Amino acid sequence: MDYRRVLQISLDSLGAHKLRTFLTMLGVIIGVAAVVSMLSIGEGAKEEALEQISLLGITNIIVNARIPEETPSDERGLQRSPGLSMDDGANIADFKEMIVNVVPQRYEPFTSVFNGSQEAKVRVVSTTPQFIYSSSITVENGRFITDSDNAEFRQICVLGAKAKRQLFAFEDPIGKSVKIGDLDFTVVGVMQDKYIGRGKVEGFELKNFNEDVYIPFNTAAKKFDRIEAQKQSSFGGGGMRFMFSMGESEQKYNTPEIDQLTITVSELDYVGAVSKLMGKILERRHGGVEDYEIVVPESLLRQSQKTQQIFNIVMGAIAGLSLLVGGIGIMNIMLATVLERTREIGVRRAIGARRDDIMRQFLIEAVTICLIGCTIGLILGLLISKGISFFAGWPTIVSLYSIVLAIGVSTAVGIGFGLYPARKAANLDVIEALRYE
């Protein structure tokens with residue numbers, strides 16, 4: 001059988017009824033466009049989640065200080081927990097076989113940094129030199145905090161990319177001074193710019209590293225109040241207490257010495273075991289007071305992947321319904337075409353065409369409709385994906401998998417829904433077909 005000839009006959013037949021052919025394709029076009037665009041949104045969201053979680057570090061465990069939801073009503077209960085402290089980090093760091101790094105961080109009470117009249121809204125983070133080894137961001141220009149900076153209480157700082165742009169625009173800030181509180185700090189480095197996305201993964205708020213300004217931990221501990229407008233805090237030994245108003249009553253909370261601990265685990269396989277171990281250590285040290293929160297990026301990643309998988313299945317099912325509707329439309333039109341071309345089928349059978357030849361012709365017509373519709377749908381899906389990315393600001397990624405899936409499903413729809421009309425055409429009685437008016 002000459003398939004080129006059959007394909008040409010099929011195209012001529014489809015071209016003779018352009019509007020009807022287009023309407024038949026419409027379900028496939030919409031279905032394929034939906035599959036491609038929805039899967040591209042899902043793939044983009046997955047990639048963004050992976051990138052955002054990688055900022056936290058896949059082998060890191062993060063402990064954040066927080067106000068407990070239920071605080072003990074008496075003074076003794078409060079004194080049981082000093083809040084998150086350097087001693088917590090020292091206890092955790094004792095497990096050297098599994099833990100590579102323990103990095104403390106404090107968030108200082110300054111929301112702005114100044115370079116003359118230029119102001120940048122930032123978060124001032126005091127930390128140790130090891131921070132750079134537990135973070136996914138690197139220094140783009142200059143250097144990071146060193147051990148000597150920390151030991152000698154030097155007033156130096158490292159700017160996040162956004163902070164640098166707001167304070168110095170296109171100037172080189174290295175060696176220049178910025179004012180933090182009442183003190184002048186010399187800029188020694190600028191961090192690499194990092195895309196933050198929407199800043200939230202599985203309900204966990206991600207901080208914008210680009211807005212951070214880093215200073216030595218010991219410098220901050222010596223020269224800045226732990227809480228603005230309060231007396232100098234005496235770190236260790238129970239910490240300092242501050243008042244927090246809740247309605248008519250006042251609750252007392254022990255002020256944590258540090259706001260965050262980042263623990264880097266030596267092997268990814270150890271993350272689960274270390275997080276459980278840390279939970280027990282902190283529970284014992286804090287006397288059962290839940291004034292801390294343990295965040296495991298690896299668990300966030302798994303949860304995000306599960307959520308994304310469910311999202312893709314749901315979106316794929318919705319798009320699949322469009323293809324199903326398109327397939328039913330193809331079957332209806334092909335049945336009408338068989339009825340319309342009954343006499344033609346009779347003539348072809350009478351001059352020697354076999355049943356298989358008739359069946360192949362109608363199957364090729366159905367598949368051709370689907371593949372042309374699929375091509376238009378792919379183009380439309382790509383345009384929708386780009387439009388969503390441009391107007392909504394959502395990242396979209398059109399993967400090879402979604403294109404192969406769309407083509408494969410379209411071909412299957414053409415064969416599946418074209419098979420019955422093709423079989424019906426092939427099984428027509430020759431004499432009855434020739435007599436059909």
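Out of curiosity, is residue 365 touching a helix residue (DSSP H, G or I) at 6+ places or on another chain (Cβ under 6 Å) and either more than 22 Å from residue 421 (Cβ to Cβ) or part of a helix (DSSP H, G or I) (or both)? In short, yes.
The single condition among (1) surrounded by fewer than 17 Cβ atoms within 10 Å (Cβ to Cβ); (2) more than 27 Å from the chain's Cα centre (by Cα) that residue 404 does not meet is (2). Note on segment 94-119: residues that are part of a loop (DSSP other than H, G, I, E, B) and touching a residue at least 40 places away in the same chain (Cβ under 8 Å) amount to 6. Does residue 339 satisfy being open to solvent by 80 Å² or more (accessible area, probe 1.4 Å) and part of a helix (DSSP H, G or I)? The answer is yes for residue 339. Residues in segment 378-401 that are open to solvent by 50 Å² or more (accessible area, probe 1.4 Å), in contact (Cβ under 8 Å) with a residue 60 or more places away in the chain, in a helix (DSSP H, G or I) and not β-branched (Val, Ile, Thr): 3 in all. Across segment 407-437, the number of residues qualifying as in a loop (DSSP other than H, G, I, E, B) and open to solvent by 50 Å² or more (accessible area, probe 1.4 Å) comes to 4. Checking the stated criteria, residue 33 turns out to be within 16 Å of residue 375 (Cβ to Cβ) and hydrophobic (A, V, I, L, M, F, W, C). Listed by position, the strands (runs of 3 or more DSSP E) inside segment 121-188 whose residues that are in contact with a helix residue (DSSP H, G or I) (Cβ under 6 Å, 6 or more places away or on another chain) number at least 2 are 123-127. Total residues in segment 280-320 satisfying the condition of being without any contact (Cβ under 8 Å) to a residue 24 or more places away in the chain and either touching a strand residue (DSSP E or B) at 6+ places or on another chain (Cβ under 8 Å) or open to solvent by 80 Å² or more (accessible area, probe 1.4 Å) (or both): the figure is 8. So which of 165, 123 is modelled with pLDDT of 90 or more, more than 27 Å from residue 294 (Cα to Cα) and out of contact with any His (no Cβ under 6 Å at 6 or more places or on another chain)? Of the residues listed, the single one that is modelled with pLDDT of 90 or more, more than 27 Å from residue 294 (Cα to Cα) and out of contact with any His (no Cβ under 6 Å at 6 or more places or on another chain) is 165. For segment 1-93, the helices (runs of 4 or more DSSP H) that sit wholly inside it and include 2 or more residues that are modelled with pLDDT under 80 are 3-15, 18-56, 75-79.
Filter segment 256-275 down to the residues that are assigned to a helix (DSSP H, G or I) and over 20 Å from residue 87 (Cβ atoms), then identify the one that is least open to solvent (accessible area, probe 1.4 Å). Steps first, answer last, please.
The first filter runs over segment 256-275 and keeps only residues assigned to a helix (DSSP H, G or I), leaving 268-275.
Among the residues that remain, those that are also over 20 Å from residue 87 (Cβ atoms) are: 268-273.
On the way: 268: 79, 269: 136, 270: 87, 271: 0, 272: 37, 273: 59 Å².
Step by step, filter segment 256-275, then rank; the result is 271.
Among the residues of segment 340-361, how many are β-branched (Val, Ile, Thr) and farther than 19 Å from residue 12 by Cβ?
Of all residues in segment 340-361, those β-branched (Val, Ile, Thr) come to 342, 345, 347, 351, 358.
In the following step, the residues that additionally are farther than 19 Å from residue 12 by Cβ were identified as none.
Total satisfying the criteria: 0.
The values are calculated or read from the model by the stated rules, or taken from the named source; none is laboratory data. Just so you know, these numbers come straight off a predicted model, no measurement behind them. Positions of Cβ are generated from backbone atoms using ideal geometry, with glycine treated the same way; all protein chains shown enter the neighbour counts. Just so you know, the surface numbers come from the protein's heavy atoms only, side chains and all, with ligands and any DNA or RNA stripped out. Shrake-Rupley method; radii C 1.70, N 1.55, O 1.52, S 1.80 Å.
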